[in-house]
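The values are calculated or read from the model by the stated rules, or taken from the named source; none is laboratory data. Owing to the predicted nature of the structure, the values given are computational and were not obtained by experimental measurement. As a convention, Cβ positions derive from the backbone with ideal geometry for all residues, glycine included, and neighbour counts pool all protein chains shown.
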Amino acid sequence: MTTTGEFPSPRPSTTRRLATWLHRRPRTRLAALLAAPVAWLVIAYLGALVLMFINAFWSRDAFTGQVVREFTLDNFIELTQDPYPEITLRTLGMAVAVTVACALVAFPIAYFMARIARPRWRGLLVVAVVMPLWASYLVKAYAWRLILAEEGVLNWMLGPLGLKGPGYGEIAVWLVMTYLWLPFMIIPVYAGLVRIPDSLLEASADLGGRSWMTFRRVILPLAFPAVVAGSIFTFSLTLGDYIAVQLVSTTIFIGNAIFLNVGAAGDLPLAAAYSLVPLGIIMVYLFVARKLGAFEAL
Amino acid sequence: MTTGRGTRIALTIVSALILVFIYVPIGLVFLYAFNDAASAAWPPAGLTLRWFGIALSNTALQQAFLASIVAALGATLLALTLGTLAALAVSRYHFFGRETVSFVVIFPIALPGIVTGIALLTAFAQIGFPLGMFTIIVGHATFCIVLVYNNAIARLRRTARSFEEASADLGADTFQTFRYVTFPALRTSLLAGALLAFALSFDEIIVTLFVAGGVKTLPVWIFQSFRLNNQIPVVNVAGLIAILLSVIPVYIATRLSADDDVTGARG
């Protein structure tokens, strides 16, 4: 028995007639496919973003706690006053510090994976780097809480050397974020390095370029867009985080300030206004990254 | 080869150290789940299985676990439907706004998670929709769609359209072509996308905390319990469960996609 023999013969059923009708109307077919996902994206996602944007220009009545639906710039004026500028700058500084650290740590291992490891190992290494990305983000941050605890493993290791770990605080936040977002940097950089043809490196060597020279003048410039591509993730994720921060510090970052305004203070318009700040920063960042060719490297 | 021997050895050692750096914290959570002492003190006092019994009989933890499963299944189902439809439309048709659709789909994971969270919260508050399991599912689906979409579209790009045209030439109608040609080609990629969506949803907390109302998913429960000293051992066990339930589906998904590369690549 062959499978072709089992192929159902066309019958003029209702389904068949509907199918024929659809076959003649590719536009209708397309509309049927697109209707649900586009409606979802427009209503559930873009619609929500628009409502957030509008909310940012409303205010909250201090007495009743109700949202007053009248246009005002009060939220944005409040964001220029204490403590917000400091929080914004601290978060930006953290995003830069985490991004730089991720790039510095990611480069050697990405280089090893792309240009030194044997092809058979390469696939395994990619899986080894990607898998932890999916292991619960919260639990990984919690793991660092255990490591950095006063009586935790880090102090236990450093103790005999007469040293002490950083404990909970901003350095801990920097460490945890670097740890959490590292794979997001390794993967694009690896992909960027793997794409550099050997012939370019040979050409550089033929023209008298020593290893270091080839690295600086050929490999680094070619890998740079990939580093920028990775930095989109490390930067965006750091700006939007408010959970990992709370596990290893009591410092307030943009995310915490937004969350506090939603929860305890209940000032949704102010929270909406403040969330336009990381959104705006990311938009600018994406624009610059695009100019630097990061999108082709993704 | 332009890399010198010394550099190669140095890079190998550094890479090994970075892998250790990546895996030690995860291994530590596993170890702590068996720690006899109910504290974060190192080294562990001894190994025990008793916290697993205590954790499994903890009603709050059971409910959180179930809530996470329900949320992840709901979000996966929604993402699977919407992501597949969008992928079919974008890969098989040319239309005005095609680029926009493929761009907007990736928005929810490109933007900081807190923006998605607060946007959804303001939207639900605006229309007076009560927060709970349904809003969690909606929130998770927004960023899970892209996982299904990416997997499906990668496969559709690799599956030649000529198969579908041949099917039509042989007399199959639109539905039959989908059922007998397109869907079998897509099947494993959809499964991979669904597993990734499940794993992402199961772990999610940034958006969840905004839209959960009173519902506690597993990550929310962990987040609200990690500071309570008497809860540490149970949190450790919950952490182990959370890691396993996200990593195992992803591992299967990578295997499904790996087969895909072998059979479909360079076609």
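Scanning the range A:165-192 for residues that are within 12 Å of another protein chain (Cβ to nearest Cβ) and aliphatic (A, V, I, L, M) yields A:LEU175, A:VAL176, A:LEU180, A:LEU182, A:MET185, A:ILE186. Scanning the range B:112-145 for residues that are surrounded by fewer than 24 Cβ atoms within 10 Å (Cβ to Cβ), more than 9 Å from every other protein chain (Cβ to nearest Cβ) and not small (Gly, Ala, Ser) yields a total of 7.
Looking only at helices (runs of 4 or more DSSP H) that lie completely in the range A:1-60, which have at least 3 residues being at pLDDT 90 or above?
Output list reads A:26-40, A:47-55.
Evaluation of A:PHE71 against the conditions (1) among the hydrophobic types (A, V, I, L, M, F, W, C); (2) part of a loop (DSSP other than H, G, I, E, B); (3) within 11 Å of chain B (Cβ to nearest Cβ) shows that the sole unmet condition is (3). So which residues in the range B:112-149 are out of contact with any Gly (no Cβ under 9 Å at 6 or more places or on another chain) and outside any helix (DSSP H, G or I)? Across the range B:112-149, the qualifying residues are B:GLY128, B:PHE129. All conditions in (1) within 11 Å of chain B (Cβ to nearest Cβ); (2) in a helix (DSSP H, G or I) hold for A:PHE224, with the sole exception of (1). For the range A:235-244, the condition holds for no residue, the condition being that it is outside any helix (DSSP H, G or I), farther than 20 Å from A:PRO85 by Cα, more than 9 Å from chain B (Cβ to nearest Cβ) and aliphatic (A, V, I, L, M).
Each row is one residue, and each column tells you yes or no for (1) away from chain B (no Cβ under 11 Å); (2) under 17 Å from the mean Cα position of the chain (by Cα).
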residue	(1), (2)
A:ASP61	yes, no
A:VAL98	yes, yes
A:TYR111	no, no
A:ALA117	no, no
A:TRP121	no, no
A:TRP144	no, no
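Residues that are within 9 Å of chain A (Cβ to nearest Cβ): which helices (runs of 4 or more DSSP H) entirely in the range B:157-262 hold 2 or more of them? It would help to see each step written out before you state the result.
Details: elements: B:161-169, B:174-177, B:183-203, B:208-211, B:218-225.
Here the list reads B:174-177, B:183-203, B:208-211, B:218-225.
For the range B:31-43, does any single residue satisfy the condition of being over 19 Å from A:LEU148 (Cβ atoms), hydrophobic (A, V, I, L, M, F, W, C) and out of contact with any Pro (no Cβ under 7 Å at 6 or more places or on another chain)? Among the residues of the range B:31-43, at least one is over 19 Å from A:LEU148 (Cβ atoms), hydrophobic (A, V, I, L, M, F, W, C) and out of contact with any Pro (no Cβ under 7 Å at 6 or more places or on another chain), which makes the answer yes.
Can you confirm whether A:ALA103 is modelled with pLDDT of 90 or more and in a helix (DSSP H, G or I)? Yes, satisfied. For A:MET185, the conditions (1) farther than 30 Å from B:GLY4 by Cα; (2) in contact with a Cys (Cβ under 7 Å, 6 or more places away or on another chain) all hold with the exception of (1).
State all residues of the range A:128-142 that are part of a helix (DSSP H, G or I) and either within 19 Å of the chain's Cα centre (by Cα) or more than 7 Å from chain B (Cβ to nearest Cβ) (or both); if no residue qualifies, say none.
Here is the first cut: in the range A:128-142, the ones part of a helix (DSSP H, G or I) are A:128-134, A:137-142.
A:VAL129, A:VAL130, A:MET131, A:PRO132, A:LEU133, A:TRP134, A:TYR137, A:LEU138, A:VAL139, A:LYS140, A:ALA141 - these are the residues of the range A:128-142 that are part of a helix (DSSP H, G or I) and either within 19 Å of the chain's Cα centre (by Cα) or more than 7 Å from chain B (Cβ to nearest Cβ) (or both).
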